[in-house]
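The values are calculated or read from the model by the stated rules, or taken from the named source; none is laboratory data. The model shown is predicted, which means the values in this text are computed figures rather than measured ones. All Cβ positions, even for glycine, are placed from backbone atoms using ideal geometry, and neighbour counts span all protein chains on display. These accessible areas exclude ligands, DNA and RNA; they are computed on the full protein's heavy atoms, side chains included. Shrake-Rupley method; radii C 1.70, N 1.55, O 1.52, S 1.80 Å.
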Amino acid sequence: MARILIRGERQLSGQVAISGAKNAALPILAASILAGEGENCLAPIPWLNDVIVMLDLLQSLGLEIETDGVGTVYVRAANLIGWEAPYELVNRMRASVLIMGPLLARLGRARISLPGGCAIGSRPIDLHLRGFHALGAEVQANHGYVEVQAQKLQGAYIYLDYPSVGATENIMMAATLAEGTTVIENAAAEPEIINLAEFLNNMGARISGYGTDRIEIEGVEHLRGTKQVVIPDRIEAATYLIAGALAGGKVTIGPVDTGAMRAVLAKLQEAGCNIVSERDNELTVLPSACLQGIDARTLPYPGFPTDVQPQLIAILTQAHGASLVTETVFENRFQHVPELCRMGAQIKVSGRQALVRGPSRLTGTTVTATDLRAGAALILAGLVAQGETIVTNAYHIDRGYVQIVEKLRALGADIERLPDI
Ligand code: EPZ
C-alpha cells in the first residue's frame with residue numbers, strides 16, 4: 001500500500017514547475033482516436049497513472065503510441081480496429097468513458113464497461129448516453145456494459161440538464177464527424193474544454209462557441225493528426241499555492257494561466273492569502289499576517305472548482321473564525337473531513353455543507369486518502385501538523401499529481417515515500 005510520510009512545521013520556499021493538465025490531457029488523448037490519417041504530437045503530457053492507463057487503452061484499440069518518456073506523446077490512429085474498453089481498464093480509470101464519442105464517430109460503435117461510482121459520488125453517464133442517442137446512436141446497457149451504435153451520426157440540438165464536463169467533451173468529439181450541425185446547450189465551459197476544442201479544430205473540426213454554455217459543431221468528413229499544446233494544470237497550481245500559503249514561505253508556481261484561476265485566487269485572497277503575480281504566467285504566494293474564515297461554494301466553471309474544495313478546507317482549518325463550504329457538484333466529496341478531524345481540525349459536515357472552525361492546532365497521525373484531491377488535502381494538513389503524518393492509499397494522489405513528493409521536498413518539505421507494507 002503506497003504511503004507518504006510528512007514531518008510537519010517546515011517552512012516552504014522556492015519554485016514549483018506545474019505539469020500539463022490531467023483533465024485536458026485525458027480527453028485530448030481520447031480525441032486522438034478521431035485522426036484517420038497523420039500523427040498527433042501532444043505535449044506536455046503529465047506522466048500520471050491515469051495517463052498510462054489511457055495510453056494502454058488506446059494501444060488496445062490498435063493505435064500506435066510513442067513517447068519521449070518525458071512529456072511528449074505521438075499517436076497514429078490510422079489502423080484503429082478496436083471499439084471496446086474492458087472492465088479492468090475502465091475500473092482503473094473512469095475517464096475511459098471518453099473514448100466512446102471518438103469511437104462512435106470513427107467506427108460507428110463503442111462498447112465500454114459501465115464505470116462504477118467512486119469515493120466522491122455515483123458518477124453516472126446518463127447525459128453522455130442521451131447525447132449520443134440524440135445524435136442518432138442506438139444505446140444498449142446490459143450485463144454491466146453499455147454499447148452504442150450508429151450507421152452515421154446526425155447533427156442534433158442537445159440540451160444538457162447539467163453542464164457536465166465529460167458529457168460536453170464526449171458529445172463534442174462525437175459530433176465532429178456527424179452529418180450536419182450539432183448544438184450543445186448548457187455546455188461546460190472549463191478551460192480543459194477549450195483546450196480540447198482547439199485540438200479538434202487543429203485536426204480539421206469546425207467548432208465554435210467553446211468556453212461558453214453554447215457550443216456549435218459543424219460535422220466534417222475526416223480529421224487528421226496535428227500538434228497540440230496541453231494547458232497547465234490549474235488544480236495542481238492551486239494545490240501548491242495553498243501549500244505555500246499554509247507553510248509560510250515564498251513559493252512561486254508556473255507556468256499557470258491566471259485567467260483560468262480567477263475564482264481560486266479570489267477566494268484565497270479573501271481568506272487573507274498574499275498572492276502576487278511578478279511575471280507573466282507565474283504566481284507567487286508570500287507569508288500573510290493571518291488567515292480569516294470565508295464562505296465558499298463549488299460550482300461549474302467559472303465558479304470555484306470542486307477539485308480544489310478539499311485543499312481549501314485544509315487551509316481553512318488554520319483560518320481565524322468560521323468558514324462554511326458548500327459542495328454543489330458531487331454528492332459525497334467530504335471524505336477528507338473525518339481524516340482532518342483526526343488530526344485535530346474542527347469541522348462539522350451536514351449534507352452538502354462543511355462548517356470549519358479555526359485556527360486548529362493539527363497533530364500528525366496516520367490518515368487515509370479516499371480520492372486524489374482528498375489525499376492532496378491530507379498532505380497539505382501534514383505540512384503544518386505537529387509531528388509525523390502518514391497518508392496511506394497514496395496511489396490515489398499519484399493519479400493526479402506528478403512527483404508531488406519530489407516537488408514538495410524541493411520546496412523544503414520533510415516528506416518521503418514509505419516502503420509498501
Ligand atoms: C470532470 O469529471 C473531472 N475529471 C473531475 O476531476 C471534475 O471534478 C469534474 O469534471 C467537475 O469539474 C476529468 O476531467 C477526467 P462532470 P466528470 O460530468 O466529467 C453529474 C479530479 O479530481 N453527472 O462534470 O466526471 C456527476 O454525477 C476529477 O481531477 C451526471 O449526473 O464530471 C456530478 O455530480 C474528479 N450525469 C456532476 O454531474 C452525467 O452523465 C459533474 O460531473 C455526467 C455527470
Tell me the residue from Leu12, Leu48 that is in the same structural domain as Ala247 (by TED's automatic domain parsing), in contact (Cβ under 8 Å) with a residue 60 or more places away in the chain and either within 15 Å of Arg399 (Cβ to Cβ) or open to solvent by less than 20 Å² (accessible area, probe 1.4 Å) (or both), please.
Leu12
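Specify the residue that is least open to solvent (accessible area, probe 1.4 Å); the eligible residues are those in the stretch 51-69 that are part of a strand (DSSP E or B) and not polar (S, T, N, Q).
By that ranking, first place goes to Ile65.
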Given the options Ala95, Ala119, Ala85, name the one that is within 15 Å of the ligand (Cβ to nearest atom), over 16 Å from Leu26 (Cβ atoms), at pLDDT below 95 and surrounded by 15 or more Cβ atoms within 10 Å (Cβ to Cβ).
Ala119
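Listed here are the residues, each with its yes/no results for (1) over 20 Å from Ser122 (Cα atoms); (2) away from the ligand (no atom under 16 Å from the Cβ); (3) in a loop (DSSP other than H, G, I, E, B).
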residue: Cys290; (1), (2), (3): yes, yes, yes
residue: Ile294; (1), (2), (3): yes, yes, yes
residue: Arg297; (1), (2), (3): yes, no, no
residue: Ile315; (1), (2), (3): yes, yes, no
residue: Thr326; (1), (2), (3): no, no, no
residue: Glu331; (1), (2), (3): no, no, yes
residue: Ile347; (1), (2), (3): yes, yes, no
residue: Ser360; (1), (2), (3): yes, yes, yes
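Out of curiosity, is Val230 open to solvent by less than 60 Å² (accessible area, probe 1.4 Å), touching a Phe, Trp or Tyr at 6+ places or on another chain (Cβ under 7 Å) and within 13 Å of Ile18 (Cβ to Cβ)?
No; evaluated as a whole, the condition is false for this residue.
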Look at Gly209 and say whether it is under 23 Å from the mean Cα position of the chain (by Cα), open to solvent by 10 Å² or more (accessible area, probe 1.4 Å), modelled with pLDDT of 95 or more and on the phi > 0 side of the Ramachandran plot.
yes
Output the number of the condition that Pro419 fails; it satisfies all remaining conditions of (1) farther than 14 Å from Glu236 by Cα; (2) open to solvent by 30 Å² or more (accessible area, probe 1.4 Å); (3) modelled with pLDDT of 95 or more.
(3)
Determine if the stretch 391-410 includes at least one residue that is farther than 25 Å from Gly293 by Cα, open to solvent by 40 Å² or more (accessible area, probe 1.4 Å) and of a type in the set (A, V, I, L, M).
yes
